[in-house]
Structures are given as C-alpha cells and as structure tokens.
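Engineer: I have a structure here, written as structure tokens, and I will follow up with some questions on it.
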Amino acid sequence: MKASVGIIGMGLMGRMYAKRFSAAGYSVNVCDRPARYEELNTEFADKHNVNVLPNGHLVSRISDWIIYSVEAEMIDSVVAEYGPSTKVGAIVGGQTSCKAPELAAFEKHLPSDVEIVTCHSLHGPGVDPKGQPLVIIKHRASQKSADTVEQILSCLESKVIHLTGEEHDRITADTQAVTHVAFLSMGTAWAANNQFPWEIDRYVGGIENAKINITLRIYSNKWHVYAGLAILNPAAKRQIRQYAESVTELYKLMLGGHREELAQRIRQAGAAVFSKDAKSQDLLLGDDLLDKFSLSKGPKEKRPNNHLSILAIVDCWWKLGIVPYSHMICSTPLFRIWLGVTEYLYRNEALLSEVIDTAINDHSFRSDDLEFTFAARAWSDCVSFGSFDAYRDRFENIQRYFAPRLEDAVRMGNEMIKTIMENTKT
Ligand SMILES: NC(=O)C1=CN([C@@H]2O[C@H](COP(=O)(O)OP(=O)(O)OC[C@H]3O[C@@H](n4cnc5c(N)ncnc54)[C@H](OP(=O)(O)O)[C@@H]3O)[C@@H](O)[C@H]2O)C=CC1
Ligand SMILES: O=C(O)C(=O)Cc1ccc(O)cc1
C-alpha cells in the first residue's frame, strides 16, 4: 500500500505539493490554521485523495510522512504544538528554506520513535519542479524510511541532492540569502530615488532587464520567505555582511576616482572566481538573450553601467573563498540567472573595461549607487539584528511602491525564466 502524506500549512508550497502528490495517487491529509478548515474543505471537496482536516493533530496521527510547510519563523511553535501527536513510527520533514531551526524543532519536540527526513524544493510554487534541484536530508532515519520519502518525492521529477542540514544552510546562504539581498537592495535604491527603472534611459538592455524583473519578482512574493531564510540561517549573516562591505568599498573606490586600485581589485576577484579551472556551466546570459524581456514601452538606447551590484557579488565570493559553481547543486532559477549575467560580464574583457571606465568617468549612476550602498548595509543590519518586524516593514514599503507593476513583472519574469531554462544547461 502507498504511504500517506500529511501536509501542515496549505499555503503556496503546501498546495503545490498536495496537488502533485494526490495526482500521483498518494492519499494526502492536509490542514492549515483551524480557522481555514471550512474554506479549505470546500476548495478541495472534489479533489480525490486530498483529505482536509481541521488541525495538525489530526493530520499527524494518521499520516506516514508529515511535511511542515509553514513560515520558517513559526516552525518551532507549530512543531511544539502538533509534533507530540505524530503517529508512532511515522517520518517527519519540512519545507522551510533554512534547516537549522527546523531540525532543532524536530529534535526538541518529536517523540523519539519518530524518524526525520526533510526536504527543500529550490524553486517557487509557480515553477515546474521537473529538473529543478530538490534537497533531501536524512537526519534521523533508517535507509528504508529515507527511500520511502524519496519515492514519494519522485513524482515531482526534480533533481535530487542528498545533503546534511548544515551543508544545505551553508550553500543556500549564498544561492539564496545573499542573492536576494542584492536584488532587495536594487529595489530599495530605485524606490528611494523615486524611480521605476524601466521608465528611464539609464536601465536599458538585457542585463538591466534581468535585474529589474528579478527584483520585482522578489517583491511580488511574501516577505516571510525571504526574511526566514536570511535571518534564521546561521551562515547568512556573515555572507550578507561581506556583500554589503564589498559594495561599500567598491563604491568608495569609484567615488575617489581610484582607477588602478579599482581595476586591480575587480580583476583579482574575477580571476579567483572565474579562473580557467572553474568549471563554467554554460550559463552565460548576455544582453542578446535577455534584451526582449523589457517592461519598458518604447525602444531606448543602451547606456553603459558600472554594474556595482555585480562587481560586489564577485568581490564578496572572492573575499569569502566561495566558488559559486560548486553551489549549483542548490541553485534556484534566480541564482542561475544571477551567476549567468555575472559570468557574462567577467568573461567579456571589453565589457569589463567599459564597466571600469564607467565607474570612474560616468557620474550618472552615482546617486543610484549611493542609495544602493545604503540599502545593502541596511538589509545587512536588518538580518544581523534578526528583526522580523523591521524586515517586514522595509520589504512591504517597497512592495507597495512597485505594486502597480508587479503583475506585469511576474508575467515577464516567468517568460524570461522559461526562455533561460530552455537556453542554458542546468
Ligand atoms: N514560496 C516559495 O518560493 C518557497 C517557500 N519555501 C518555504 O516553504 C514554507 C511555506 O512557504 P509558502 O507556502 O510560500 O508560505 P505561505 O505563507 O503561502 O504558507 C504557509 C502556510 O502555513 C500556515 N500556517 C501557519 N501556522 C500554521 C499552523 N499552526 N497550522 C497550520 N497551518 C499554519 C500559514 O497560515 P498564515 O498565513 O495564517 O500564517 C500559511 O497558510 C516556508 O517556510 C518557506 O520559506 C520553500 C521553497 C520555496
Ligand atoms: O528562486 C528564488 O530564490 C526564489 O525567490 C524562490 C524561492 C524562495 C525560497 C526558497 O526556499 C526557494 C525558492
């Protein structure tokens, strides 16, 4: 008989899993908060195999593998409440993006006869899971139980990676938390300067389209997803702080007109990260491929940019000794695009020289870069202080600013991601 799956938290990811598992013939027991029982029951009334229950106790006592798919910030309290009701001998896992607090909650609150096999789909709920990375962590379980979980998850057709919780968090601090801070900071800077970048002449061309579409894609999502994976990840604070320091130091070199020092630092970082030995993944995403994904209405002429945000990520990887290619196993679509445009810039000597010239001679990006520098440091402080309220406040303010264009941007971003996935080996 097929194992039954329990899902606690029927938000975007929980629903995506419930639909896929039930379509694959598993019986799925689900719940959200008790107040949503009636609504959820009506919504899934005609879905065979999906059994809506009023709360997590009832899901836990009858399911063979229970997945907690709730906000990362709440994992401890939700597991504390429902964990003790877990069926004897069942397996428990979660979908939260950061595993340290999730595994700590399982160890603290689950009875000792319960096994722990957890997972993380490295993509958002709107992306087809087929071929996307899926991390499986066998934390406290027999091989037979780990195989059961892997068998259930195989209906997603994702690319399975086996890691420990600690390995997962260290890699995703880079592929997710630092990547997001770069884009969160771009959005913060544009909002602070009261501009929509697709409406002005400075942000024209494929790389700019990628920056704009990814930034708006992030701001179209729920704040807690980004807050949780940055604030709760033990490895993220240091990496994000380094990104903010790299931004600040490079910007000061630009302001001071220190061409030689700037060029030397950029090239040294580039040589370390994109060394001849570094195995390129054929990601290379240049202006040509990305040109058509613009939110702008009219044709505009491309202008050189100093790409401070991109220079800073390479500087950050160099300072931390990170080889981004080795993180491809935990790459999200956003990370692959980010690495793709970065690689494109650093493997194109003419473009890199243009970037250095622009950084020293062209002052038209100075006020955007000033705001970007403030923003990177402010996001870093916010993550370091561990303040969910401050994070939410900052995030939702900017989300409101971009609200009128988020729908268009998500549509454009989906098309962009689809084209890129078809054009790059992943
Ligand atoms: N969205 C994404 O792109 C991805 C998210 N993740 C992770 O997956 C998890 C879920 O994310 P996502 O689905 O996007 O978030 P959602 O906010 O859409 O879903 C979380 C759901 O859990 C509910 N919930 C909270 N407390 C309880 C409880 N005590 N009992 C039952 N349900 C509860 C929430 O209710 P309420 O809203 O009222 O709090 C909400 O409906 C998060 O940890 C996230 O970090 C992982 C991969 C991708
Ligand atoms: O691709 C990204 O970085 C996203 O923004 C979507 C996302 C968010 C959280 C996850 O744990 C996994 C994927």
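Engineer: Can you name every one of the helices (runs of 4 or more DSSP H) wholly within segment 1-115 that holds 2 or more residues which are within 16 Å of ligand 2 (Cβ to nearest atom) and assigned by TED's automatic domain parsing to the domain that holds GLY126?
Structural biologist: 12-23, 99-109
Engineer: I'd like to know if segment 143-160 contains one or more residues that are among the charged types (D, E, K, R), under 26 Å from ARG377 (Cβ atoms) and open to solvent by 40 Å² or more (accessible area, probe 1.4 Å).
Structural biologist: no
Engineer: Scan ARG336, ARG366, ARG392, ARG377 and give me the residue that is within 30 Å of PHE274 (Cβ to Cβ), in contact with a helix residue (DSSP H, G or I) (Cβ under 9 Å, 6 or more places away or on another chain) and open to solvent by 70 Å² or more (accessible area, probe 1.4 Å).
Structural biologist: The conditions single out ARG377.
Engineer: In addition: May I ask you to verify whether ARG347 is touching a residue at least 60 places away in the same chain (Cβ under 8 Å) and closer than 30 Å to GLU167 by Cα?
Structural biologist: It is true that ARG347 is touching a residue at least 60 places away in the same chain (Cβ under 8 Å) and closer than 30 Å to GLU167 by Cα.
Engineer: Same structure again: Return the residues of segment 184-232 that are more than 16 Å from ligand 2 (Cβ to nearest atom) and polar (S, T, N, Q); say none if nothing qualifies.
Structural biologist: Once the filter is applied, which keeps residues that are more than 16 Å from ligand 2 (Cβ to nearest atom) and polar (S, T, N, Q), segment 184-232 yields THR188, ASN193, ASN194, GLN195, ASN209.
Engineer: Would you mind stating whether SER294 is at pLDDT below 65, surrounded by fewer than 23 Cβ atoms within 10 Å (Cβ to Cβ) and among the hydroxyl-bearing types (Ser, Thr, Tyr)?
Structural biologist: Taking the combined requirement at face value, the residue does not satisfy it.
Engineer: Taking the criterion of being modelled with pLDDT of 95 or more, under 26 Å from LEU232 (Cβ atoms) and under 19 Å from the mean Cα position of the chain (by Cα), would at least one residue in segment 401-411 satisfy it?
Structural biologist: no
Engineer: How many residues, within segment 196-249, are outside any helix (DSSP H, G or I), crowded, with 21+ Cβ neighbours inside 10 Å and at pLDDT 90 or above?
Structural biologist: Number satisfying all stated conditions: 2.
Engineer: Any residue that is more than 16 Å from ligand 2 (Cβ to nearest atom), farther than 28 Å from SER22 by Cα and not aromatic (Phe, Trp, Tyr) - is there at least one of those in segment 145-157?
Structural biologist: Within segment 145-157 (the criterion being more than 16 Å from ligand 2 (Cβ to nearest atom), farther than 28 Å from SER22 by Cα and not aromatic (Phe, Trp, Tyr)), the answer is no, since none of the residues qualifies.
Engineer: Any idea how many residues of segment 122-168 are touching a residue at least 60 places away in the same chain (Cβ under 8 Å) and farther than 16 Å from GLY93 by Cα?
Structural biologist: Looking only at that region, the number is 11.
Engineer: Mind listing whichever residues of segment 125-160 are farther than 22 Å from ILE218 by Cα, in a strand (DSSP E or B) and in contact with a Ser or Thr (Cβ under 7 Å, 6 or more places away or on another chain)?
Structural biologist: Those that are farther than 22 Å from ILE218 by Cα, in a strand (DSSP E or B) and in contact with a Ser or Thr (Cβ under 7 Å, 6 or more places away or on another chain): ILE137, HIS139.
The values are calculated or read from the model by the stated rules, or taken from the named source; none is laboratory data. Since the structure is predicted, the reported quantities are computational estimates derived from the model, not experimental observations. Note that each Cβ is placed from the backbone with ideal geometry, even for glycine, and that neighbours are counted across all protein chains shown. In case anyone asks, the SASA skips ligands and DNA or RNA and just uses the protein heavy atoms, side chains included. Shrake-Rupley method; radii C 1.70, N 1.55, O 1.52, S 1.80 Å.
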